[in-house]
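Throughout, read-outs are computed from the coordinates displayed, never taken from laboratory work. From a predicted model like this one, the values you see are computed outputs, not experimental measurements. All Cβ positions, even for glycine, are placed from backbone atoms using ideal geometry, and neighbour counts span all protein chains on display.
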Amino acid sequence: MRLAPQVAAAAAPSALDVREIRHLPVREPVSGNRYSLLRVATRSGIVGWGECGYEPGADLKALQAEWLGKPANAWATIAPSTPFRAALDIALLDIMGKATKAPVYRVLGGPTRGKVRAYGSPQSQEFPVAVVDVPAPVSRNQGKAYQNRILELVNAVPGDGDFVLVGNGLLTPGDAASVARTVETKHPLWFDEPCSHANLEALRKVSGETVVPLGFGDGISDHGVFQALLREGLVDIVRPDIAIFGIGGARRIAALAEPYYVAVAPRHGGGRVGTAAAIQLAASIPNFFIQHVPVPVAEADRAMRREMVSQALEKNNAGFLELTTAPGLGITVNEAAVEKYHAA
């Protein structure tokens, strides 16, 4: 049979086969914010970096058993149950970009834009878009005083600047609907997590009583939840967490949202590897809106980010981040700094 040599050739080791996977959790010294970095190396010596949420209990040995020897270009086959799935997805795409000498967004068919609109956190207000947190309610069914307090906070936004109102899922659907009506004339970019997304019928009370765009994504780890919100017309801004879905998973959610004319504003609460991945994601999807950049308040935490990834990824350029042009994620990770801030 002439097929035998072909089978043997197909099974031969490849330069893109994964040779090593290391898990390196890190911790910001002041805020205490933790996230997990993944260092993935191929047989040819290409190293890719990925980031996900802090997962101290995730099974690294199971990940290694599944992926050591697999080619990096199989990144699209990562199963939802895979430990460190977001970090692995980002690291493998970083490898693919480096192997092809192109930014990840070009590997994925981009760029779809020349720069990335960004906003910061309530504490740092690093970018022109303000972030307004709703006060934590003391009980259900907040009255006029609560609505007046919301207006005070919104009116404190400088000039005619854009702002995002953040509910953190703290309100009941009834209170969320009242707050949305209160701020309608102030035109927020969107009302983020106004209430829990668990009860779709209850969400209809909010979406049906206001024209304020609603955004959801906090804690969602299943594509199906986004699909349900989209199908029922209950979400205007989908917010997949890049630390949960990675680049590939967030792109699939963006594809689900596009036929509904729904924009994408990815969540991000980690470090600069995550920011680099977010930039690649933004430049590879057509319905991207704006990217959260979690720049810390404390200078020691900011210094940590600069030490680990020195590129000026998070620099505010008139409210935008610049696209990277170097291969892969477009960054160089300082491994000594990663070891310095390593935290079990």
Quiz item: Taking 0.36 nm per residue of separation and subtracting the Cα-Cα distance, what length does fully extending L68 through R149 add?
Solution: 23.6 nm
Exercise. In a Gaussian network model over the chain where Cα atoms closer than 10 Å are linked, find which of A74, A283, A176 has the largest mean-square fluctuation.
Key: A74
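For the chain, what does -39500 (n - 2.57) per DSSP helix run (n ≥ 4), summed and divided by total residues, give at 222 nm, in deg cm²/dmol to the nearest 500?
Values: 12 runs with 119 residues, N = 344.
After summing the helix terms and dividing by residue count, I get -10000 deg cm²/dmol.
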Exercise. Please find, in a Gaussian network model of the chain (springs between Cα atoms separated by less than 10 Å), the residue of G143, G215, G246 whose mean-square fluctuation is greatest.
Key: G143
Quiz prompt | Local electrostatic count, L313, Cβ distance below 12 Å [Lys/Arg +1, Asp/Glu -1] | solution = +2
Quiz item: Could you give the nm distance between label points at V211 and K115, where each point is 7 Å from its Cα heading toward the beta carbon?
Solution: 3.0 nm
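Based on the Cβ-Cβ distance of D162 and K101, what FRET efficiency does E = 1/(1 + (r/R0)^6) give at R0 = 30 Å, to the nearest 0.05? Please list the in-between numbers first.
Values: r = 37 Å, r/R0 = 1.25.
FRET efficiency, D162 to K101: 0.20.
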Exercise. Could you list L234, L165 in order of exposure, starting from the residue whose Cβ has the fewest other Cβ atoms within 10 Å?
Key: L234, L165
Exercise. For D133, enumerate residues with amide H under 5 Å from its amide H, sequence gap 5+ or separate chain, H modeled in the peptide plane.
Key: V166
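Let a ≥ b ≥ c be the square roots of the eigenvalues of the Cα gyration tensor of the stretch 1-124; is it rounded (a/c under 1.5), or, if not, prolate (a/b larger than b/c) or oblate? If you can, show how the numbers build up before the last one.
Values: a/c = 2.72, a/b = 1.55, b/c = 1.76.
It comes out oblate by the Cα gyration axes.
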Quiz item: Quick one: of the DSSP bridges fully inside the stretch 24-178, what percent are antiparallel, nearest 5?
Solution: 75 percent
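With a sphere of radius 14 Å drawn around the Cβ of E193, what net charge do the other residues whose Cβ falls strictly inside it have (Lys, Arg +1; Asp, Glu -1)?
On the way: positive: R239, R267; negative: D133, D175, D192, D218, D236, D241.
Overall, the nearby charge balance is -4.
Cut-off is 10 Å between beta-carbons; in what order do F245, F163 appear when sorted fewest neighbours first? Walk me through the numbers on the way to the answer.
Values: F245 27, F163 22.
Taking fewest neighbouring Cβ atoms as first place, the list is F163, F245.
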Practice problem: Below 29 Å Cα-Cα, how many Lys pairs turn up in the chain? Only count pairs eight or more apart in sequence, or on different chains, if you could. | Solution: 17
Practice problem: Quick one: angle between helix 144-155 and the longest Cα principal axis of the chain, in degrees between 0 and 90, rounded to 10, please. | Solution: 60 degrees
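Under 13 Å from the Cβ of E232, count the other residues' Cβ atoms, weight Lys and Arg +1, Asp and Glu -1, and hand me the total. Could the numbers behind the result be given before it?
Working: positive: R204, K205, R231; negative: E201, D236.
So the environment of E232 carries a net charge of +1.
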Quiz item: Between rounded, prolate and oblate, where does the chain land on the alpha carbon gyration tensor, with a ≥ b ≥ c its root eigenvalues, rounded for a/c under 1.5, else prolate if a/b exceeds b/c?
Solution: prolate
